[in-house]
Amino acid sequence: MNTASQAEVSEIDPSARCTLTLLIATALFWLVVSGVLALLNFIQAFTPTFLADCPLFTYGRLRALQETAFLYGWAANAGVAVALWLLARLGGAPQRSLNWTRAGTVFWNVGVLAGLIGIACGEGSSAAGLHLPGYIQPLLLVAFGAMAVPGVLAWTGRSRPVTFAAQWYAVAALFLFPWLFSAAQVTLLCAPVRGVLQAIAGGWFVQGLWTLWLAPLALAAAYYLLPKITGRVIPNYDFASFGFWTLLVVGGWTGGRHLVGGPVPAWVVTVAIVSCTLLLIHYLVVAINLRGAFGQPGVVLKFVGFGLAAYLLGGLADAVTAMRSVAVLTQFTWFAQAQSQLALGGAFSMIVFGAIYFLTPRITGQAWLSTPLIRAHYAAAGLGTVVLIGSLAAAGWVQGHDLANASVSFADIAVHTRPWLQTAAAAQALLVVGNALFALHFLRSVCPCNAGATTLPFRQPPTMEASAS
Amino acid sequence: MRNGLIFFVGLFAALLASWAGVVLGSNAQLGRLAPYYDENEGKAFPERAPGLAARGQLVYDDLGCAACHTQQVRRPGFGNDKARGWGDRQNVARDYIHQTRVQLGASRLGPDLANVGARKPPYDAEDFLKLLYTGNGGMPAYRFLFETRAVVGQVSAKALHFTGALAPAAGRELLPTRRAEALVAYLLSLNNAYEYPEARPVEPAAAQEGTKP
């Protein structure tokens, strides 16, 4: 082992092998589950008779199921895994108290499973992002607290007083989620606020989930991976803290963007529009800092670059569609779905895929088994995401224009959007195949029985990247 | 950012500020919104829905109807909600003060239902039940909300009468379950016809006239 690979593979990584593998494996399981549920949901959108006789899978419940499996199954597990890993690395010490994470992960995933069964049986709530039954949520809150313990210890016990942007984002996500989640539980489920205030609190929560939890998790990975792989400092790094605080301070105020024209005080919507526009400063800072991720060789940076492009585009789309004159067309249509896919599937998932491709060989000491499989995953995920978002946006555009014309009936709107929804379903199927391949590849690559398969457990850093150029 | 304490306080303050601003701020404005008492009619609006309708809202909630139907009419001139016959005025916060689970919805794969109980031509309970049983265009049929059973004595007054392929076999009858009845009672209760002072329609044409010198 030469010095370069020693720097690449520190003794910090193997300590967390078992825990992080567990987190990522469960995350990938839920990713595939939510993909299949989303596929069924899309088929229902253009074939209403599909599964209509099964009360467990009405269109509305399936929609809630796939969203919950994605957010609390895939995004939470994978996000925590990436955050814990990079906090330990940047903290400069092996992870401590990983038992907490393992126990928390088990309880979290049991909770998610029970919650999904509860939603299918009609126990869920209708608040976006918070469909899980009320009785599951305290369990998830405690389990998340346990999962995040090593992250907090890695922050407080860090060997350097100076901190990095990746650490700020990761710590912010781990620290803020419990507060966000419990505030939403109290105001929406335990002691529901009155009337339309529920919709306002729900909007605050669902935007907070993105701007204060998932976006920071993805950005933490991006801010860590880019300089690590390219070996160059982040340009204009001084602005990074400005971008960070802009997201954190302004992000929570964007909730009203879902309520344009609704029965809520006009200032709620206006504040959201202003905040969405102010957030453009944050996106600009991210673009300046991380512009080096575009056009780089190596599979990790390809995923990260794709995800960053989706992140920036999503921020721009949020700012534009929050405007009242645009929202009057796009609101209540598939366009909103396209935007959430852009954020969750395009930005979050792709960046986290990149991070998993980077960290897995380092924690297990085993290289990825097959470069063609990685290429296939990138092709399927990239193409699937682009086509899915494009066709949903087109469906939304058609639907928005039809809705604005009172002489077009809903049956006609269904006919007009049908080809786009069929395209979206095909893209979703491609995504499921790609992600299932990734899950199998991951399981085979981390399996201890394959330990001898690679002659060099610690290969040179560039090869370890499984550089599919 | 060397000082961890200030960092955490900053994070917490950022979250708290947005929560206080958006949720507590609007709560301060609307949390005590009272029904509007109309002296001419001698009662207060919005009226409380009957108990069966309140249960029907839970059915609406757990089936996920809000995934396709909104319950928020936008003001005339902003979108085309009035022309589609969904309501003559925009919904206001006061319309929802008695609802335990507000179902504003975020997607219109189907029509807005804020005033579906006052729909023209009028729908009665049987029309709604038949719609739920057969489905309509993009809307799936919810057959699991109905049961077919053998006729004992007389045919039940609640039985649905279909002709042709949908008609139940001889000696059997098609009945809505309690859930279906509650759901329909809820749909029939959705009616925001009363015009509050703050809900007078703001027609764009009228606004233009007002700005003329």
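The values are calculated or read from the model by the stated rules, or taken from the named source; none is laboratory data. Please read all numbers here as calculations on a predicted model, not as lab measurements. Don't worry about glycine lacking a Cβ; one is built from the backbone with ideal geometry, like all the others, and counts go over all protein chains shown. The protein model used for the area step is the full one, side chains on, heavy atoms only, and it has no ligands, DNA or RNA in it. Shrake-Rupley method; radii C 1.70, N 1.55, O 1.52, S 1.80 Å.
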In chain B, which longest range has no trypsin sites (Lys or Arg not before Pro) that are both DSSP loop (not H, G, I, E or B) and surrounded by at most 15 other Cβ atoms within 10 Å? B:49-157
Considering amide H positions built from the backbone, and no H for Pro or chain starts, which residues 5 or more places from B:Arg172, or on another chain, come under 5 Å of its amide H? B:Val151
Within the P(r) computed for the stretch B:35-76, what percentage of the Cα pairs occupies the region above 12 Å? 72
Using a simple spin-label model with points 7 Å from Cα along the Cα→Cβ vector, what separation in nm is obtained for A:Cys54 and A:Tyr237? 5.2
Accessible surface buried once B binds A (1.4 Å probe; total of both sides; Å²): 5700
Specify the inter-centroid distance of the stretch B:102-175 and the stretch A:114-175, based on alpha-carbon positions, in whole Å. 42
The answer for B:Phe146, listing residues at least 5 apart or on another chain whose modeled amide H is closer than 5 Å to its amide H, is B:Thr177
Under Karplus coefficients 6.51, -1.76 and 1.60, residue-wise ³J(HN,Hα) of the stretch A:176-184 in Hz, glycine/proline x: 7, 4, x, 5, 4, 5, 6, 4, 5
Once the other residues with Cβ under 12 Å from the Cβ of A:Thr330 are scored (Lys, Arg +1; Asp, Glu -1), what is the net sum? +2
Inter-label distance for A:Val186 and A:Met323, nm, one decimal - labels placed 7 Å from Cα along Cα-to-Cβ: 3.9
From the backbone phi of the stretch A:152-169, what are the Karplus-calculated ³J(HN,Hα) couplings (6.51 cos²θ - 1.76 cosθ + 1.60, θ = phi - 60°) in whole Hz, Gly and Pro given as x? 5, 5, 5, 6, 5, x, 5, 7, 10, x, 6, 10, 10, 4, 4, 5, 4, 5
Check B:Gly77: other-chain or 5+ apart residues with amide H under 5 Å from its amide H, H built from backbone geometry? B:Lys82
So how exposed is A:Leu373, as accessible area in Å² (1.4 Å probe, rounded to 10)? 60
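Measure off, as a whole percent, the carbon and sulfur share of the 1.4 Å-probe accessible area of the stretch A:15-162, all protein chains present.
Whole-percent figure for carbon plus sulfur exposure: 75.
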Along the stretch B:47-54, Karplus-curve 3J(HN,Hα) (6.51, -1.76, 1.60; θ = phi - 60°) to the nearest Hz, with x for Gly and Pro, reads 7, 6, 6, x, x, 5, 5, 5
Among A:Ala355, A:Gly382, B:Ala165, the residue whose Cα sits farthest towards the positive end of the charge dipole of the protein assembly as shown, when +1 is placed on the Cβ of each Lys and Arg and -1 on the Cβ of each Asp and Glu, is A:Ala355
What number comes out for the charge environment of A:Gln339, summing +1 per Lys or Arg and -1 per Asp or Glu over other residues with Cβ under 12 Å away? 0
Heavy-atom accessible area with a 1.4 angstrom probe orders A:Trp179, B:Trp19, most exposed first, as A:Trp179, B:Trp19
Can you work out the accessible area per residue across the protein assembly as shown, with the rest of the protein chains kept in place, probe 1.4 Å, in square angstrom? 39
For B:Lys130, net neighbour charge (Lys/Arg +1, Asp/Glu -1) across residues whose Cβ lies under 13 Å away: -1
What spacing in nm lies between the two simple spin-label points modelled at B:Ala169 and A:Arg375, each 7 Å away from Cα in the Cβ direction? 6.0
Over the stretch A:308-469, what is the relative contact order in percent, taking alpha-carbon pairs closer than 8 angstrom and at least six residues apart? 32
Per DSSP, the loop-located trypsin sites (Lys or Arg not before Pro) within the stretch A:200-275 having at most 16 other beta carbons within 10 Å are A:Arg232
Contour excess over end-to-end distance, with Cα ends at A:Ala25 and A:Ile288 and 0.36 nm allotted per residue: 91.3 nm
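Largest first and in whole Å, what are the equivalent-ellipsoid semi-axes of the stretch A:277-345 based on the Cα gyration tensor, each being the root of 5 times an eigenvalue? The partial results should precede the final answer.
Numbers: eigenvalues 138, 43, 8 Å².
Calculated on Cα positions only, the semi-axes equal 26, 15, 6 Å.
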Under 27 Å, Cα to Cα: Lys pairs in the protein assembly as shown, sequence gap 8 or more or different chains: 9
Restricting to Cα pairs under 8 Å and 6 or more apart, the percent relative contact order of the stretch A:172-289 works out to 29
If all Cα-Cα distances of the stretch A:308-469 are sorted into 5 Å bins from 0 onward, what percent lands in each bin, rounded to whole numbers? 2, 9, 15, 16, 14, 12, 9, 7, 6, 5, 3, 2, 1, 0
Note on the stretch B:49-192: contact order normalised by length, alpha-carbon pairs under 8 Å, 6 or more apart, percent, works out to 33
The stretch A:133-292: Rg to Rh, with Rh as the Kirkwood radius over Cα pairs: 1.02
How large is the helix-only mean residue ellipticity at 222 nm for the protein assembly as shown, computed as the sum of -39500 (n - 2.57) over DSSP H runs with n ≥ 4, divided by its residue count, in deg cm²/dmol to the nearest 500? -18500 deg cm²/dmol
Taking the convex hull of Cα positions in chain A, its mean projected area over all directions (nm²): 21.2
Roughly how many debye, to the nearest 20, is the charge dipole of the protein assembly as shown about its Cα centre, given +1 on each Lys and Arg Cβ, -1 on each Asp and Glu Cβ, and no other charges? 1160
